[in-house]
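*Asks:* Handing you this structure, nothing more for now.
The values are calculated or read from the model by the stated rules, or taken from the named source; none is laboratory data. Treat the numbers as computed from the prediction; the structure is a model and nothing was measured. With ideal geometry, Cβ positions are generated from the backbone for all residues, glycine too; neighbour counts draw on all protein chains shown. Heavy atoms of the whole protein, side chains included, go into the accessibility calculation; ligands, DNA and RNA do not. Shrake-Rupley method; radii C 1.70, N 1.55, O 1.52, S 1.80 Å.
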Amino acid sequence: DIGSSKICIALGKITKNGDVQIVGVTSSKCDGVKKSIVVNIDSTARSIRNCITKLKKMVDINLDDVYVALHGSISELIHNKGVVAVSSDDRVITSSDVKRVIESTRFVSVASGREIIGVEPQQFIVDGYDDIKDPVGMSGTKLEADVQVITVNSNIVDNLIKSVNKAGYKVKGLCFEPKVISNVVLSKHEREIGCVLVDIGTENTN
């Protein structure tokens, strides 16, 4: 988590149950970022390196790559819909159908200089019946998806990646920070009924 005042890193491992167990968390001061935008790659890289060095002193694990959280302030959500025909002869919806309908929502016009980094499904619709969270295993002929397409400024993301690379590490993936935080802080019930989660950062909230 590359923020305007500090770099935060959490290290986790996958348990036998498929959950993530956090084994180390640390932070380091950062002055190369302003309002979630890298303004000094060298300074940011130095902060990332210092943070990971502190983490390595806590846990004896070699790190080569990291996931980077993208702040909501540099992201934009575009509502879009997708629709596909259910592919199986018995009209049972499979995970492949779900992947296809989500992939179809990526075909959306984005502004120059922006790129799509992910898609967050809001609901699925089977043969006109809406508010379905997981359609796999249901019967139907037409599968639709309401989604939020997440886009970011390509140059902002490139500079974040360059900072990580200059620190000596690779970016394994990008994740949408508001989604990540909501999964950690809020219960499934709170997310389903609707809940406001306010993330107050050094420069994101004034």
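*Asks:* When you go through (1) surrounded by fewer than 13 Cβ atoms within 10 Å (Cβ to Cβ); (2) in a strand (DSSP E or B) one by one for Ile78, which number turns out not to apply?
*Replies:* Against the list (1) surrounded by fewer than 13 Cβ atoms within 10 Å (Cβ to Cβ); (2) in a strand (DSSP E or B), Ile78 comes up short only on (1).
*Asks:* Looking only at helices (runs of 4 or more DSSP H) that lie completely in region 149-200, which have at least 1 residues being of a type outside the set (Gly, Ala, Ser) and more than 17 Å from the chain's Cα centre (by Cα)?
*Replies:* 154-166, 188-193
*Asks:* Glu190 versus (1) free of Cβ contacts under 8 Å to residues at least 12 places away in the same chain; (2) open to solvent by less than 40 Å² (accessible area, probe 1.4 Å); (3) among the acidic types (Asp, Glu): which is the lone unmet condition?
*Replies:* Against the list (1) free of Cβ contacts under 8 Å to residues at least 12 places away in the same chain; (2) open to solvent by less than 40 Å² (accessible area, probe 1.4 Å); (3) among the acidic types (Asp, Glu), Glu190 comes up short only on (2).
*Asks:* Turning to a different aspect of this structure: How many of the residues in region 98-149 are at pLDDT 95 or above and of a type in the set (Phe, Trp, Tyr)?
*Replies:* Final tally of qualifying residues: 1.
*Asks:* Additional query: Would a scan of region 111-132 turn up a residue that is surrounded by 14 or more Cβ atoms within 10 Å (Cβ to Cβ) and among the aromatic types (Phe, Trp, Tyr)?
*Replies:* Yes; the residues of region 111-132 include at least one that is surrounded by 14 or more Cβ atoms within 10 Å (Cβ to Cβ) and among the aromatic types (Phe, Trp, Tyr).
*Asks:* Would you please list the contacts, defined by Cβ atoms under 9 Å and residues six or more apart or on different chains, that run from a residue in region 50-65 that is farther than 10 Å from Val25 by Cα to a residue that is at pLDDT 90 or above and among the acidic types (Asp, Glu)?
*Replies:* If the second residue must be at pLDDT 90 or above and among the acidic types (Asp, Glu), no pairs are left.
*Asks:* Now for a separate question. Out of the residues in region 144-178 meeting the condition of being among the acidic types (Asp, Glu) and within 26 Å of Leu63 (Cα to Cα), tell me which one is surrounded by the most Cβ atoms within 10 Å (Cβ to Cβ). Step through it out loud before you land on a result.
*Replies:* Step one: list which residues in region 144-178 are among the acidic types (Asp, Glu), which gives 144, 146, 158, 177.
Checking which are within 26 Å of Leu63 (Cα to Cα) leaves us with 158, 177.
Details: Asp158: 12, Glu177: 21.
Step by step, filter region 144-178, then rank; the result is Glu177.
*Asks:* Determine, yes or no, whether Gly12 is in contact with a helix residue (DSSP H, G or I) (Cβ under 7 Å, 6 or more places away or on another chain), open to solvent by less than 50 Å² (accessible area, probe 1.4 Å), in a strand (DSSP E or B) and farther than 19 Å from Ser163 by Cβ. Give the steps one after another, and end with the answer.
*Replies:* Numbers: in contact with a helix residue (DSSP H, G or I) (Cβ under 7 Å, 6 or more places away or on another chain): no; open to solvent by less than 50 Å² (accessible area, probe 1.4 Å): yes; in a strand (DSSP E or B): yes; farther than 19 Å from Ser163 by Cβ: yes.
It is false that Gly12 is in contact with a helix residue (DSSP H, G or I) (Cβ under 7 Å, 6 or more places away or on another chain), open to solvent by less than 50 Å² (accessible area, probe 1.4 Å), in a strand (DSSP E or B) and farther than 19 Å from Ser163 by Cβ.
*Asks:* In this structure, is Phe107 over 20 Å from Ile181 (Cα atoms), under 23 Å from the mean Cα position of the chain (by Cα) and surrounded by fewer than 14 Cβ atoms within 10 Å (Cβ to Cβ)?
*Replies:* Considered against the rule, which asks whether it is over 20 Å from Ile181 (Cα atoms), under 23 Å from the mean Cα position of the chain (by Cα) and surrounded by fewer than 14 Cβ atoms within 10 Å (Cβ to Cβ), Phe107 comes out as yes.
*Asks:* Right, here's the next one. May I ask you to say which residue of Ile52, Ile61 is in a loop (DSSP other than H, G, I, E, B), open to solvent by less than 90 Å² (accessible area, probe 1.4 Å) and among the β-branched types (Val, Ile, Thr)?
*Replies:* Exactly one of Ile52, Ile61 is in a loop (DSSP other than H, G, I, E, B), open to solvent by less than 90 Å² (accessible area, probe 1.4 Å) and among the β-branched types (Val, Ile, Thr), namely Ile61.
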